[in-house]
Structures are given as C-alpha cells and as structure tokens.
Amino acid sequence: MVEELMIQIERREFLRFLGILGISTGVIGMLGCEGDDDDDDDDDVPEGEDVDDDADDDDDGGGGDPGPADKGAAITANHDHTCTITGAQQTAGAAVTLTLTTGTGHTHTVDFSALDVQTIAAGGSATATSTTDAAHSHDVTFS
C-alpha cells in the first residue's frame with residue numbers, strides 16, 4: 001500500500017512539473033516574439049550592412065535575395081584612396097562614374113560601363129583607369 005501511494009505521489013508531482021514546464025515554455029516563447037510582427041529577421045544587423053538571407057538556398061522561390069553587397073576596389077599605386085560600388089548600383093546595372101576618395105589632397109573619378117557593372121554584380125572582374133590628377137592615374141579593379 002505504501003509503495004502504491006509513493007507511485008501516486010511521484011506521478012502526481014511529475015505531471016505537475018510537466019504542466020509548469022509547459023506553461024513556462026509557452027510564456028517564454030510568447031515573450032520572445034513580443035512586438036515583432038514582421039517577417040524581417042535582420043533586426044540585429046546594423047543599417048547599411050549586407051545580409052545574405054538565403055546564402056545556402058538553392059531554390060529559386062523568390063526567397064528575398066538582398067542582391068549584391070557593396071564592394072571595395074583594388075587600386076594600383078594607391079596612396080589612401082578608396083572606391084566603392086554599391087549593391088544598388090550593381091543591381092541597377094547601368095554605367096557609373098565613381099569617385100576615388102581624397103588621397104593626399106586630390107581625388108580621381110573612374111568610369112565603368114553598364115557591361116562592367118553587370119559583370120561585377122555577377123561576381124566577375126572589371127578594371128578601368130581613373131582620371132589623371134596630380135600628374136598620375138590609377139587602375140581600379142572590382143572582383
């Protein structure tokens with residue numbers, strides 16, 4: 001009789017524990033979703049950062065591909081210039097004139113054709129020569 005009573009108590013305590021655990025899990029789950037009623041799972045990514053939402057998706061089901069990321073250029077004979085082609089410019093696929101940032105007091109511009117921009121967006125490489133300023137120019141390559 002005593003053993004039967006112990007089994008009843010243990011079973012009752014066990015079931016009570018499962019009930020508490022189930023309620024806690026539900027409450028924690030609801031709190032985790034509180035205030036997030038959109039489908040955007042990039043809330044923790046700083047503005048302007050690239051996120052590849054479907055990096056390992058091989059399906060073409062319209063998974064919200066964010067498009068190409070901004071890319072920095074390799075610049076020959078460089079002395080503190082930088083040059084960036086934005087993801088938006090790559091997506092547009094039109095010809096662009098980019099500015100090399102100021103380096104030792106001067107800037108350059110460089111032109112990339114629409115075909116160049118589309119090649120860069122597709123992951124290929126394109127090179128163009130900048131304008132001449134301060135008696136020199138630079139080759140600018142995106143790859």
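Read the figures in this text as sums done on the coordinates, not as results from a lab. The structure displayed is predicted, hence computed values, not measured ones. Heads up, the Cβs are rebuilt from the backbone with ideal geometry, glycines too, and the neighbour counts pull from every protein chain shown.
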(request) Compute the length gained on full extension between Ser137 and Asp111: take 0.36 nm times their separation in residues and subtract their Cα-Cα distance, giving the result in nm to one decimal. (result) 8.1 nm
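Rounded to the nearest 0.05, what FRET efficiency do Thr129 and Thr101 have when you use their Cβ-Cβ distance and R0 = 30 Å?
0.95
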